[in-house]
Amino acid sequence: MKPSGIPIVYAPTATGKTEIVMSLSKILNIEICSMDSMQIYKKMDIGTAKPTQNELSKYPHHLLNIVFPDENYDVNRYRKDALNIIDSIKKNGNTPLFVGGTGLYMDALRYGLFEGVSRDENLRKELEKKETESPGVLMEILTRVDPEAASKIHPNDLKRKIRALEVFYLTGKRFSEIGRERKADERFIMIYLIRNREAIYKRVNARVEMMIKKGLIEETAELMRDYSPHLQSMKAIGYRETIDFLNGCFESKEAFVETLKKNTRHYAKRQIIWARRYKEIFPVTVDDKETKEICDEITTILSTHGKAFNSL
RNA sequence: GGCGCGGUAGCUCAGUUGGUAGAGCAGCGGACUGAAAAUCCGCGUGUCGACAGUUCGAUUCUGUCCCUCGCCA
């Protein structure tokens, strides 16, 4: 069977996405595309909970292991890469299916991004320096040039202040105006796997223990030899804490593990909250259900609500 | 059994010279357009161990009891 539309399976970390999608690919004629901002990195396997080599050989994933940890990568690049992959999969007569937990990437797929305002590293550094020299200036400037954006961004949110000003300086247009037009790309059908919160937290805790057993610390030590801890990739949950642990910032290994669990739980929570913004997302509860039952529900949603892939 | 320290939020604890209480962590809620596993914001009512006494009023003072921990037998 061939699904209509392009399914996106979104779920917080440790929900069990991989297993479900692998089963799904047995019933549906799909090619799996990862939608995960950290699994794009090579060499970061254990900490990002990538599928195993064995799983990948049976169920190949696109958009996985595509850049090195010190390469710049961002939503825009992801969107371009994804659109290219979609094209080539389509040419093969197959259907792509996206799985992952990066909300912003899902958003960029379905709603797009506004055009042509990429990051400017030098400008960012300059703005950051300004702010350090006299705290509060960026907000003052932003209030003058783009009051609407200024009112929406919290004064402490440095990244967003910088971004809004960056857009203004680079384009002369206001960040608040440029982002206004967004239309959904109806090809994408968002499915949200819901698991009971407590169950997710339990699974998170278990997964962290498993990661340590599998060699998270060794993997991180290896990465530290080649890469700076200041890289975005190295700030990912799991690596960040392990770097601190290896640098002796924790009183004990237990304290390190507890912190790692806690940060992962917080992350899962943010992912859950992200999903609440979409009224058009299809929820599928997963608790106490067999994988087969879950797959059936998903295929039903796809056949009932999806638009024909080939017609678009 | 005796002595001592404690018993306050899910946890660790602070505090109230008597007017029913607040921090950190956990937890919860939220924001989010080229760094997103990032970044940022908001939320604290709980038989103050139990019972009795003193008092206009007790979580606070007094007494008895229960429990934890420590020391001595």
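Please list, ordered by residue number, the helices (runs of 4 or more DSSP H) wholly in region A:22-111 having 3 or more residues that are without any contact (Cβ under 8 Å) to a residue 12 or more places away in the chain and within 21 Å of A:Ser4 (Cβ to Cβ). Output list reads A:75-91.
Only one of A:Ile301, A:Ile273 is within 10 Å of RNA strand B (Cβ to nearest atom) and either under 30 Å from A:Asp87 (Cα atoms) or hydrophobic (A, V, I, L, M, F, W, C) (or both). Can you tell me which? Going through A:Ile301, A:Ile273 in turn, the sole match is A:Ile273.
Take A:Ile27 and tell me if it is farther than 30 Å from A:Thr242 by Cα and within 16 Å of the chain's Cα centre (by Cα). Against the criterion (farther than 30 Å from A:Thr242 by Cα and within 16 Å of the chain's Cα centre (by Cα)), A:Ile27 does not qualify. Does region A:278-293 contain any residue that is within 27 Å of A:Ile194 (Cβ to Cβ), assigned to a loop (DSSP other than H, G, I, E, B), more than 11 Å from RNA strand B (Cβ to nearest atom) and of a type in the set (Val, Ile, Thr)? The answer is yes, given that some residue of region A:278-293 is within 27 Å of A:Ile194 (Cβ to Cβ), assigned to a loop (DSSP other than H, G, I, E, B), more than 11 Å from RNA strand B (Cβ to nearest atom) and of a type in the set (Val, Ile, Thr). When restricted to residues that are more than 9 Å from RNA strand B (Cβ to nearest atom) and open to solvent by less than 70 Å² (accessible area, probe 1.4 Å), region A:54-80 contains 12.
The values are calculated or read from the model by the stated rules, or taken from the named source; none is laboratory data. Remember, predicted model here, so these are calculated numbers, not experimental data. We place every Cβ from the backbone using ideal geometry, glycine too, and count neighbours over all the protein chains shown. Only protein heavy atoms, including side chains, enter the accessible area calculation; ligands, DNA and RNA are left aside. Shrake-Rupley method; radii C 1.70, N 1.55, O 1.52, S 1.80 Å.
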